[in-house]
Structure formats: C-alpha cells, structure tokens
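Chemist: I'd like to ask you about the structure that follows.
We did not get these values from a lab; they are worked out from the coordinates using the rules stated. Treat the numbers as computed from the prediction; the structure is a model and nothing was measured. When we count neighbours, we look across all protein chains shown, and the Cβ atoms used for this are built from the backbone with ideal geometry, even at glycine.
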Amino acid sequence: MKDVIYITGHKNPDTDSICAALAYSEFKNKTGTATAIPVRLGEINRETKFILEHFGVEPPQLIETVKLQVADLNIDNIAPIAPDISLKMAWNLMKRNNVKTLPVTDESGVLIGVVSVSSLTSSYMDVWDNCILSKSGTKLENILDTLSAKPIYVHGENPNFLGKIIVTAMGPNSVKGLIEEGDIAICGDREDTQEIIVASKASLMIVTGNHDIKESLIENAKKLGCSIITTPYDTFTAARLITQSIPVEYVMAKDNLISFSTEDFVEDIKDVMLETRYRSYPVVNTENMVVGSISRYHLISKNKKKVILLDHNELGQSVHGIEDAEILEIIDHHRIADVQTGNPIYFRNEPVGSTSTIVGSIFFENGIRPSKKAAGVLCAAIISDTLLFKSPTSTLVDKLVLKRLAGIADIDVEKFAKEMFKAGTSLKDRTAEDVFHQDFKIFNLSDMKIGVSQINTMDMESFLPIKDEMTSLMKSKVERENFNILIFVLTDIFNEGSEIMVEGPNKEIVEKTFDIKLGKDSVYLPGVLSRKKQIIPPLTTTIANHKSS
C-alpha cells in the first residue's frame with residue numbers, strides 16, 4: 001500500500017473546505033513522513049476559484065471514492081515481454097523472476113496476450129508436427145539464441161524457414177529421399193550429408209558439435225540460398241531444443257483475456273479471481289498499457305486508504321467509500337455527527353467560525369510558519385465562513401488567527417474581502433441547479449432527512465430570474481430523494497439576513513422553528529446568517545420536541 005494520506009473536505013465543497021485541505025496538507029507534509037494529498041469532492045465554486053487564482057494555488061485533485069483500488073496495492077512490477085521472443089527466453093524469465101505468467105505487449109506496451117508456465121509446458125509436451133517453425137514464423141535470431149548457435153552464412157536479411165524439421169541421422173541415400181527444398185536440417189560432421197542438404201536447397205542447415213564447414217560448401221550454400229549455423233549441442237539436444245525457439249505469440253492466450261485495471265476496486269476483483277483461479281493477472285492502466293501483475297496474495301493486505309476529514313464529520317457529507325477507509329484525523333467546527341472509527345483518532349472540534357481558523361492555529365501551536373500561499377488561502381476561508389465576522393459563528397479566535405495570517409500573506413483584509421465577495425456572489429447567468437448545489441449539505445436529524453443549501457450574495461436581485469426554476473428543482477429533489485425538508489438559504493451579506501425557500505412534506509417544522517408562515521413565496525429571516533448556528537440547532541430542537549410529543 002502506498003504511503004499516502006488523502007485530506008478532504010465535504011461534498012459540494014465551499015471555500016473553507018477547499019482551503020483548509022490545501023493548507024493542512026502543507027502542514028502534514030512539513031511534519032510527517034507520509035505524503036499528504038489535498039483532494040476535493042466536487043467542483044470549485046466561483047469564490048474559491050477567485051481565491052486560488054489570486055494566490056496562485058492549484059486546486060486539489062478531484063476524487064470520487066476512497067474505496068481500495070488496485071492502484072493502491074503493491075502489485076508485482078513485472079516487465080512485459082514482446083510477442084516474438086522465444087519460449088526458451090520466456091521460460092528463463094519466469095524462473096529468474098519466480099513468476100508463473102508473463103504479460104505480452106505490442107510495441108506500444110498495450111496488452112495483447114498472456115503466456116504461462118502451463119501454456120509453455122503443454123505446448124512443449126504436445127506432439128509437435130515438424131513444420132512448427134514455418135507455422136509459427138520463427139525468426140533466425142530465436143533459433144540462434146535457443147541453440148547458443150553462431151551463424152556461418154545467412155541468406156537474405158530476414159530468412160524464412162517454410163519447410164519441415166528433419167534430423168539427418170541416416171546415410172546419404174536415405175537423406176535424399178527425405179529432404180525437400182526449404183526444409184530445416186539438423187546434421188553432424190558428415191560432409192556428404194551436408195552436401196546433399198545444401199544441394200536439396202534446404203532453407204537452413206544446423207551443424208551440431210560446432211564442427212567446421214568447408215569453404216566450398218559455404219560458397220555453394222550462397223548460390224542455392226541455404227543458411228548455415230553451428231551449435232555446440234549434440235544432435236539429440238539440438239533436436240529437443242529447437243522447438244523452444246518458436247515465438248511466444250504462437251502459444252500465448254490472446255482471447256478472453258482476464259486483466260485488471262488500476263482503477264478497479266479490490267472488492268470487485270476478488271470474485272473474478274475465485275471464479276478463474278489463475279496464479280496471477282496482468283494489471284493495465286487507463287490506456288490498456290501493462291504496469292504489472294496481481295495475485296491473490298496481494299489481496300491479503302489489510303491496508304486501507306488513509307483519510308483526514310476536514311470541515312465535516314457526517315457520513316452523508318463525506319467521500320464515497322469512507323466506511324472502507326482508515327480515518328486518521330477529523331478537524332471540524334460543526335456539530336458532532338455520525339462518523340465512526342475503528343481506532344482512537346485525533347479529533348479536534350472547536351466552536352469557531354471556520355475550520356481554517358483551527359488549521360492556522362495548528363501551524364502556530366507547532367511553531368511552523370505557513371507559506372505565503374497557505375496563509376493567503378486560510379485568510380480567504382476565514383473571511384468567507386465568518387462573512388468577515390458578520391456571522392454569529394465568528395469568535396475572537398477567528399479574528400486573532402486571521403490577523404496573524406494576513407501579516408504572512410501580506411493582504412489588506414477589508415479590500416480583499418470586498419474583491420472576493422464581489423467575484424464569488426453574483427448569481428447572474430447561473431442555473432438553479434448550479435446555485436443550489438454550490439454549498440449543499442444533508443443532515444439526518446432523528447429519523448428525518450434534511451437538506452440545506454446556502455449561498456451568500458451581495459446582489460439579491462440577481463436571484464429573481466431563477467427563483468421559479470429553484471422552486472421546481474427543490475420539489476423534484478424532494479420527490480426523487482425522499483427529503484422530509486429541503487431548504488434553500490439566500491444570505492444577504494451586507495444587510496445581514498437570509499431569504500429562505502422550503503419544500504417537503506414536513507415543512508411545518510420550519511414554520512414552527514422560525515415562527516413564520518410559508519406560502520408559495522420565500523420568507524425573509526433578519527439576522528439569520530449561519531446554517532450551522534442559526535438553522536440546524538433550532539431545527540434539531542424542534543424535531544426532537546416533535547418526536548417526543
């Protein structure tokens with residue numbers, strides 16, 4: 001398992017979720033041995049995009065799941081072989097690397113076949129016909145390598161051996177009756193037999209025992225197109241080995257190949273392995289290029305992907321597959337919800353306005369100065385989550401940490417905040433779908449499924465063109481996804497209040513919570529700025545009282 005820690009915020013990430021992950025990854029990489037990688041679980045909103053571009057920071061990598069994949073395992077790093085190498089060479093490679101199968105690739109590295117010990121031995125043990133070199137398109141290079149031979153004369157650049165293999169262990173007269181033009185003849189040092197082989201226009205004469213060849217015979221072979229090689233092996237050994245010179249592509253499996261992708265989930269490949277029971281399987285990347293091989297013993301590993309959760313501790317808001325990952329830490333400023341771990345972990349939850357405030361504090365508590373870029377994105381996240389301290393979630397700690405980070409980032413907080421809010425809060429030319437899911441969270445309160453979307457803006461009028469579209473979207477989402485209550489919160493940053501829209505079969509709970517009457521239109525809630533502090537807690541209380549009554 002690769003030594004990597006994924007640091008992630010919640011789904012539909014807001015600025016705090018993204019910036020905290022970026023900065024905390026820097027901290028972990030400065031203080032730990034494992035590689036910390038910031039990741040995100042959705043598209044970056046306009047505000048966050050402005051921030052990252054302003055400070056010159058690359059966005060975190062987008063991931064869809066933390067379920068264990070083949071890419072996370074320490075698979076065997078076995079180099080694939082070319083389809084034209086000999087059976088003998090393939091066999092030697094298997095023995096040298098102590099493997100039972102080898103992937104075969106074309107010139108581009110794309111998988112085209114698999115050769116195994118069983119395919120080599122079964123092909124070698126089968127009754128071979130004596131035209132096998134012709135049928136398999138065996139090259140002279142393979143024959144030379146297999147027989148440890150040296151060339152005496154080679155006819156043409158790429159000679160073809162289209163005849164049968166014969167061993168001329170009989171008298172000259174008998175040889176004449178057997179050998180035909182194009183044959184491959186294995187012989188000893190009898191010159192009369194050698195002359196008949198050449199005169200019969202054999203395509204290849206293999207002389208065993210490394211015996212010398214007469215110059216006159218070589219000259220005649222040149223005229224008649226007969227290649228000549230010599231091998232140190234005796235006739236029996238040469239005859240036994242020559243069939244090992246055929247290329248592996250002749251015996252490799254190439255139909256219905258079973259291979260796995262680096263993107264495959266480990267839980268999915270287990271059943272395939274049980275059904276097929278091969279010793280090992282090729283692993284290919286997304287371009288179908290071989291990167292190694294995997295066997296059953298690789299799956300014995302109990303390792304899981306290592307994850308640190310920021311700005312949330314609720315399963316419904318976390319990355320897909322989190323139940324199969326190992327959670328190392330949680331850093332958050334929300335209510336404690338339903339994430340469970342198998343082991344004790346570092347859990348830091350503080351009642352401050354931003355997770356980035358906690359991350360900034362961690363830097364300073366450990367005597368580590370964040371980089372100018374990290375300090376900049378942390379500043380932006382604190383400003384965003386506290387609405388520049390207009391939100392009731394703001395604390396003195398947020399202000400102190402922001403002041404210290406702003407000095408490192410060298411920014412004018414007031415000036416930057418105006419630029420950031422202006423860039424990120426305009427709703428012009430945006431769809432209801434885009435606006436609703438910019439910062440949407442799901443909460444499970446008692447047995448009720450509650451969805452709350454919140455967006456901050458400096459231009460409330462820009463929402464009017466998509467208001468009807470938003471109503472239709474919310475009604476459809478309630479029906480499709482079985483929400484009890486679905487709320488859209490449009491927060492006016494400067495006037496310090498929010499307009500809310502509510503759909504769902506239990507929306508009377510919202511009416512009771514905020515002492516309002518919901519009609520077809522939206523309702524303005526003065527002073528309500530925080531989903532975390534002013535919407536979810538009172539809803540939780542109302543639902544609890546509703547259940548007990």
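Chemist: Among Thr146, Leu217, Ser245, whose Cα lies farthest out toward the positive end of the dipole of region 139-245, if unit charges sit on the beta carbon of Lys, Arg (+1) and Asp, Glu (-1)?
Modeler: Toward the positive end, the furthest listed residue is Ser245.
Chemist: May I pose another question? Given a Förster distance of 22 Å, report the FRET efficiency between Glu419 and Ser371 from their Cβ-Cβ distance, rounded to the nearest 0.05.
Modeler: According to the calculation, E is roughly 0.55.
Chemist: Hey, which lysines would be in cross-link range of Lys270, C-alpha to C-alpha under 21 Å, not counting anything within fewer than 8 residues on its own chain?
Modeler: Cα-Cα hits under 21 Å: Lys2, Lys67, Lys100, Lys302, Lys304, Lys305.
Chemist: Given labels modelled 7 Å from the Cα in the Cβ direction, how far is it in nm from Arg46 to Tyr153?
Modeler: Roughly 8.5 nm, to one decimal.
Chemist: Oh, and also: Cross-link candidates for Lys135: which lysines have Cα within less than 21 Å, leaving aside residues fewer than 8 places away along the same chain?
Modeler: Correct list for Lys135: Lys88, Lys164, Lys201, Lys254.
Chemist: How are the alpha carbon pair distances in the chain distributed across 20 Å bins from zero to the largest one, expressed in percent?
Modeler: Computed distribution, short to long bins: 18, 32, 20, 16, 12, 2.
Chemist: OK, next. For the chain, what does the helix formula give at 222 nm: sum of -39500 (n - 2.57) over DSSP H segments with n ≥ 4, over the residue count, nearest 500 deg cm²/dmol?
Modeler: After summing the helix terms and dividing by residue count, I get -10500 deg cm²/dmol.
Chemist: Sticking with this structure for a sec: Could you tell me which residue out of Phe494, Ile336, Phe436 lies farthest along the dipole of the chain toward its positive end? Charges go on the beta carbon: Lys and Arg +1, Asp and Glu -1, centred on the Cα centre.
Modeler: Looking along the dipole axis, the top candidate is Ile336.
Chemist: Here is a follow-up. Please name which of Val114, Val4, Pro159 has its Cα lying farthest along the dipole of the chain towards the positive end, using unit charges on Cβ (Lys, Arg +1; Asp, Glu -1) and the Cα centre as origin.
Modeler: Of the options given, the answer is Val4.
Chemist: While we're looking at this one, here's another question. Given 0.36 nm per residue, what is the gain on full extension from Leu162 to Ser472 after removing their alpha carbon distance, in nm?
Modeler: 104.1 nm
Chemist: Give me the net charge for the shell around Gly225: Cβ to Cβ below 11 angstrom, other residues only, Lys and Arg +1, Asp and Glu -1.
Modeler: Local net charge: +2.
Chemist: Further, regarding this structure: What is region 139-245 by shape, rounded, prolate or oblate, if you read a ≥ b ≥ c off the alpha carbon gyration tensor as root eigenvalues and call it rounded for a/c under 1.5, prolate for a/b larger than b/c, and oblate otherwise?
Modeler: Judged from the Cα gyration tensor, region 139-245 comes out rounded (a/c under 1.5).
Chemist: Here's a follow-up. Cross-link candidates for Lys214: which aspartates and glutamates have Cα within less than 20 Å, leaving aside residues fewer than 8 places away along the same chain?
Modeler: Candidates past the 8-residue exclusion: Asp189, Glu191, Asp192, Glu195, Asp234.
Chemist: Moving on. With angles folded into 0 to 90 degrees, how steeply does helix 46-55 sit against the dominant principal axis of the chain? Use alpha carbons for both and round to 10.
Modeler: 70 degrees
Chemist: For Lys390, what is the net charge nearby, where nearby means another residue's Cβ is under 12 Å from its Cβ and Lys, Arg count +1, Asp, Glu -1?
Modeler: -4
Chemist: HN-Hα J couplings of region 471-477 from phi, Karplus 6.51/-1.76/1.60, θ = phi - 60°, integer Hz, Gly and Pro as x?
Modeler: 4, 4, 4, 5, 4, 5, 5
Chemist: From Cα pairs below 8 angstrom and at least 6 apart in sequence, can you work out the relative contact order of region 432-548, rounded to a whole percent?
Modeler: 22 percent.
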